1. I need every pair where a residue in segment 97-122 that is at positive phi has its Cβ under 7 Å from the Cβ of a residue that is at pLDDT 80 or above, sequence separation at least 6 or different chains.
2. So Gln37 passes all but one of these: (1) surrounded by 14 or more Cβ atoms within 10 Å (Cβ to Cβ); (2) closer than 26 Å to Glu105 by Cβ. Which condition number does it fail?
3. Pick from segment 30-81 the residues that are among the hydrophobic types (A, V, I, L, M, F, W, C), in a loop (DSSP other than H, G, I, E, B) and touching a residue at least 12 places away in the same chain (Cβ under 8 Å): which of them is farthest from Leu103 (Cα to Cα)?
4. Got at least one residue in segment 41-53 being closer than 23 Å to Arg111 by Cβ and among the small types (Gly, Ala, Ser)?
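The values are calculated or read from the model by the stated rules, or taken from the named source; none is laboratory data. These numbers come from a predicted model, not from an experiment. Glycine also receives a Cβ, built like all others from the backbone with ideal geometry; neighbour counts cover every protein chain displayed.
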Amino acid sequence: MRIVVIGERQLITAEAEPSPEILCKIVGGYPEALSVQGSGHVRGYCDDSGILKGQPPNVLATLFCRRTGSIGDREVLVGTVALTGGDGAGGYADCPDWVLRDLEELVPHARALGDLPTARPN
């Protein structure tokens, strides 16, 4: 399944079967679930101890989650964020295409704020 990974200075897609173990490897710690709003089912995950570990702000993921109303204007996501789709019944699905379109649209804004992804989604 397609997972979108928003890391420090990179935006990539990966094909993997989501599981707690895989998500742990992607985000670098225990995956804390984010409730991502928007059309279609989307699940987000970040390291639940990212702030304590001193992980850098993830400007692109923060802008995306603010745009979807998933986090407030004063909240900032840190570290790597993974986005997957949801099947509406508690299972995983491919990350929806609209997520990639929104992220690509936000890249110039993130760049202006100092978080420049170096790779575009596959």
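1. Short answer, once both residue conditions are applied: Gly114/Val59.
2. (1)
3. Ile51
4. yes
Conditions tested, residue by residue: (1) of a type outside the set (S, T, N, Q); (2) touching a His at 6+ places or on another chain (Cβ under 8 Å); (3) within 16 Å of Val4 (Cα to Cα).
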{"residue": "Ile22", "(1), (2), (3)": "yes, no, yes"}
{"residue": "Ile26", "(1), (2), (3)": "yes, no, yes"}
{"residue": "Val36", "(1), (2), (3)": "yes, no, yes"}
{"residue": "Gln55", "(1), (2), (3)": "no, no, no"}
{"residue": "Ser70", "(1), (2), (3)": "no, no, no"}
{"residue": "Thr84", "(1), (2), (3)": "no, no, yes"}
{"residue": "Asp97", "(1), (2), (3)": "yes, no, yes"}
{"residue": "Leu103", "(1), (2), (3)": "yes, no, yes"}
{"residue": "Leu106", "(1), (2), (3)": "yes, no, yes"}
